[in-house]
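The values are calculated or read from the model by the stated rules, or taken from the named source; none is laboratory data. Predicted model only: the values in this text are computed from it and were never measured. Don't worry about glycine lacking a Cβ; one is built from the backbone with ideal geometry, like all the others, and counts go over all protein chains shown. These accessible areas exclude ligands, DNA and RNA; they are computed on the full protein's heavy atoms, side chains included. Shrake-Rupley method; radii C 1.70, N 1.55, O 1.52, S 1.80 Å.
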Amino acid sequence: MGTLIVIDQPPYGTWAGREALDMAFSLAAFDQPVALLFTGAGVNWLRKSQETTGIGQKSVEKNLSAALIFGVEALYADATACARYGLVPDNMVTGVAMAESSAEVMRQHSHTAFAG
Amino acid sequence: MTEIDTLHILNKAPEHPRSAECLRAIEPGDALLLIESAVLTLATCSELRAGITLYALAPDALARGIAQNAVKASLVDFPAMVELTAQAQKVISW
Amino acid sequence: MTKANTPERNNEGFLENSSDWSPEIAAIIAAEDQIGLSEKHWEIIGFLREFYKEHEMSPPSNRLFVRSVKEALGEDKGNSIYLMQLFPGTPAKTACRIAGLPRPTNCL
């Protein structure tokens, strides 16, 4: 059970996703079970080799790589959205579980909240 | 350099309704410049009509890790973006 | 190096730019908190600098700082008593300040 935070917004466009990530880290800090689900344009958070020096922002790829260390239980990616954006395990960050059905992942959690 | 009739500047991800609206509005002889979240369009299979020149802002494509997907688009930096804007007779910022 | 020519810092003493950091600057910042840096301190400082390089963030809270140290260096060092003895006050804040990293975002 536990909380599922859904990120369906692309990275870098708004602060919504970063705030959601921060919330996930805070829940994990207090030992509350929490997982993240990336769907829609949000799956682009999971793409490898993001080079952000040109836009003056911290890399969400690198920030996200701390999630499992901080105790976030799982990172899920919606398989349909990944296919749409050409994301396959080879060009994605490690530690991501592919979800054939986002609805099913949501049903496995007692509370689901969308970012933004 | 050839003159651009209308330069369409799109900053919305493919999921955003304005993205589809923009792609429908483009005519041959126009150019499309993808910036911010719109560079993610390069990672999808969106089809563009013939006769449209495609550009993407390099720092935004690099940030999202999709610069290597930009085979159909020319990557431009900020000065080149300004140049494009100057070349176009009209500009639409979507 | 004297205090007068240390790099730019914010009102809480954190370096504005983490690349301005050097071990000498760490010693100066630590001395302000009456901390003399030992091997044990340097181990944690080195861990934090690496963490920042890899994740482009400081551990955002004290709890997550302790957890990150535990993941990397084990339970003997990844516990709040050990870290509190080395970096009094709020260990995450004190340690990040000495390591030249940004202030942990969720620390009061």
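Take the conditions without any contact (Cβ under 8 Å) to a residue 24 or more places away in the chain, over 13 Å from the mean Cα position of the chain (by Cα) and not in a loop (DSSP other than H, G, I, E, B) and apply them to B:ARG18. Does it pass? Considered against the rule, which asks whether it is without any contact (Cβ under 8 Å) to a residue 24 or more places away in the chain, over 13 Å from the mean Cα position of the chain (by Cα) and not in a loop (DSSP other than H, G, I, E, B), B:ARG18 comes out as no. Beta carbons closer than 6 Å, at least 6 apart along the sequence or on distinct chains, pair a first residue in segment A:94-116 that is under 11 Å from A:ALA35 (Cβ atoms) with a second that is among the small types (Gly, Ala, Ser) for A:ALA97/A:ALA74; A:VAL105/A:ALA99; A:HIS109/A:GLY2. Within segment A:53-89, the set of residues being assigned to a loop (DSSP other than H, G, I, E, B) and more than 20 Å from C:HIS55 (Cβ to Cβ) comprises A:TYR85, A:GLY86, A:LEU87, A:VAL88. With the condition kept exactly as written, say whether any residue in segment B:43-54 is open to solvent by less than 30 Å² (accessible area, probe 1.4 Å), more than 18 Å from A:LEU46 (Cα to Cα) and part of a helix (DSSP H, G or I). Scanning segment B:43-54 turns up no residue that is open to solvent by less than 30 Å² (accessible area, probe 1.4 Å), more than 18 Å from A:LEU46 (Cα to Cα) and part of a helix (DSSP H, G or I). Of the helices (runs of 4 or more DSSP H) entirely within segment C:23-108, those holding at least 1 residues that are more than 21 Å from C:ARG9 (Cβ to Cβ), open to solvent by less than 40 Å² (accessible area, probe 1.4 Å) and within 14 Å of another protein chain (Cβ to nearest Cβ) occupy C:39-55, C:62-73. Might you let me know whether segment A:13-28 holds any residue that is within 25 Å of C:LYS70 (Cα to Cα), among the acidic types (Asp, Glu) and open to solvent by less than 80 Å² (accessible area, probe 1.4 Å)? Checked against the condition, which is being within 25 Å of C:LYS70 (Cα to Cα), among the acidic types (Asp, Glu) and open to solvent by less than 80 Å² (accessible area, probe 1.4 Å), segment A:13-28 yields at least one hit.
Here the condition is being touching a residue at least 40 places away in the same chain (Cβ under 8 Å), within 11 Å of another protein chain (Cβ to nearest Cβ), of a type outside the set (Val, Ile, Thr) and open to solvent by 10 Å² or more (accessible area, probe 1.4 Å); of A:ASN44, A:ASN63, it holds for A:ASN63 alone.
Is it fair to say A:LEU75 is modelled with pLDDT of 95 or more, surrounded by 16 or more Cβ atoms within 10 Å (Cβ to Cβ) and farther than 30 Å from B:GLU47 by Cβ?
yes
Here A:VAL93 clears all of (1) within 12 Å of the chain's Cα centre (by Cα); (2) more than 22 Å from B:LEU62 (Cβ to Cβ) except the condition numbered (2). With respect to B:LEU23, determine if the residue is touching a residue at least 12 places away in the same chain (Cβ under 8 Å), open to solvent by 20 Å² or more (accessible area, probe 1.4 Å) and not polar (S, T, N, Q). Yes.
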